[in-house]
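Note sheet for the following structure.
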Amino acid sequence: MSDTNLLPMNYLKFVFLFMFSLNSWGFDCAPVTAPIWNTASDGVQWTKFDLAFTPYNKSDRVWQSSMSRSVTVRALKIDLSKNKLRFLSPEHHVSCNPASERYIANIINESKAPVIAAINANFFTMPAGKILGLAIDDQTIWSDEIASQTISSSGVFGILNSEYFLETKDKFLEQYGPVISGDEARKYEFAVQAYPRLVNNQIITVTDSVLNSRRARTSIGVDAKSNEVLLVTIDARGEDKKSGMTLYEYAHFVESEKCGVSQKLALNLDGGGSTAFAIPSQNIFEQADRCRKLGNIITVQKQKNI
């Protein structure tokens, strides 16, 4: 074969490799400024920073090459040897003025609980506010109906015998049936059910088949290095066309060491307008939809023996 005949083949090889390289770009991210962790209380740190990232083009199944989108990250890092996770759920209608108030602030203030920090928690029915799926802390069974969370990708993040886990809804259904008994539920120091599971053993557990809308997001997880609990939100202050991440993008964000909140376990919680973040001592109360009713919130409180 002559060198002339090799030219088309080499050209096609070049084109193939070039197209392959375009589609092999992966997720990339970079904090606009280095995250600074501030102290909210002993064993509770918080940070806020803007993060640039490469969006995912689902139609072409390719990560874009430039970090052309950004979100505002608000996160809490919690040492559970000094603190505890507790749910709060409004016992009655909580009034809220969208011009000046946040629903999460009013829940905390009306409860008079010693809340150090908080985020929103389970999915729930509107307008009743019924919690969907498990919500258990070591004082209260807030919701015991495993089967009420019907999404197949539903999972449970929990603490049992001081060990963290992230399991599927199906495993809990096999073990307990659709409703967990009180005696079984009280074995858990904490459990919250939502969807989807994002990261398990530092492996991303969602594919790009998940919902593609970019929204504000909330999650609970475990820091990949310190083994502390991480409560993370993006764009808790509000949403517009330029804000938010898809679930696929968000899973890559919470797994990546480059993004500032790398986690070995992570479960997506209710998001969108429900996304909320609060540190009462700092007068920080944010909620994407200011007065959207929340079925419950996860609060950080001091251990009684500290």
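Rule-based calculations on the coordinates, nothing more; no lab input. Source: prediction; values computed, not measured. We place every Cβ from the backbone using ideal geometry, glycine too, and count neighbours over all the protein chains shown.
Take the alpha carbon atoms of the stretch 102-177, find their center, do the same for the stretch 211-279, and report the distance between the two centers in whole angstrom. What the calculation gives is 17 Å, centre to centre.
Close amide-amide hydrogen proximity is noted between residue 275 and 288, 289, each under 5 Å apart and 5 or more residues distant or on a separate chain (H modeled in the peptide plane; Pro and chain starts excluded).
Would you mind calculating the gained length between residue 113 and residue 42 on full extension (0.36 nm times residue separation, minus the Cα-Cα distance), in nm to one decimal? Please report the intermediate quantities before stating the final value.
Details: separation 71, 0.36 × 71 = 25.56 nm, distance 1.74 nm.
This chain segment gains 23.8 nm when fully extended.
Multiply the residue separation of residue 52 and residue 92 by 0.36 nm, subtract the distance between their alpha-carbon atoms, and state the gained length in nm to one decimal.
Numbers: separation 40, 0.36 × 40 = 14.40 nm, distance 4.01 nm.
Net length gain for the segment: 10.4 nm.
Close amide H pairs (under 5 Å, H built 1.01 Å from N) link residue 246 with 215, residues at least 5 positions away or on another chain. Report note on the peptides 80-88, 105-113, 68-76: ranked by the mean count of other C-beta atoms within 10 Å, highest first, their order is 68-76, 80-88, 105-113.
By its C-alpha gyration tensor, with a ≥ b ≥ c as the square roots of the eigenvalues, how is the stretch 214-306 shaped: rounded for a/c under 1.5, else prolate for a/b larger than b/c, else oblate?
Numbers: a/c = 1.98, a/b = 1.06, b/c = 1.87.
Oblate, because a/c is 1.5 or more while a/b does not exceed b/c.
Non-local lysine pairs in the stretch 105-241, meaning eight or more places apart or on different chains, with alpha-carbon distances under 27 Å, amount to 9.
Modelled spin labels at residue 128 and residue 62, positioned 7 Å past Cα toward Cβ, are 4.8 nm from each other. Note that the stretch 111-118 has calculated 3J(HN,Hα) couplings of 6, 6, 6, x, 7, 7, 7, 6 Hz, one per residue in order, obtained from phi through the Karplus relation 6.51 cos²θ - 1.76 cosθ + 1.60 (θ = phi - 60°); glycine and proline are x. Comparing 190, 100, 262 along the charge dipole axis of the chain, the residue lying farthest to the positive side is 100, per the Cβ-charge model.
Simple rule: put +1 on each Lys or Arg Cβ and -1 on each Asp or Glu Cβ in the stretch 3-302, find the dipole, and look at 247, 236, 180; the Cα lying farthest toward the positive end is 236.
Scalar couplings 3J(HN,Hα) for the stretch 36-46, obtained by applying the Karplus form with A = 6.51, B = -1.76, C = 1.60 to θ = phi - 60°, are 10, 8, 9, 8, 8, 6, 4, x, 10, 10, 9 Hz; x denotes Gly and Pro.
Classify the chain: rounded, prolate or oblate, from the alpha-carbon gyration tensor (a ≥ b ≥ c, eigenvalue square roots; a/c under 1.5 rounded; otherwise prolate if a/b is larger than b/c)? The partial results should precede the final answer.
On the way: a/c = 2.09, a/b = 1.74, b/c = 1.20.
Since a/c reaches 1.5 and a/b is larger than b/c, the shape of the chain is classed as prolate.
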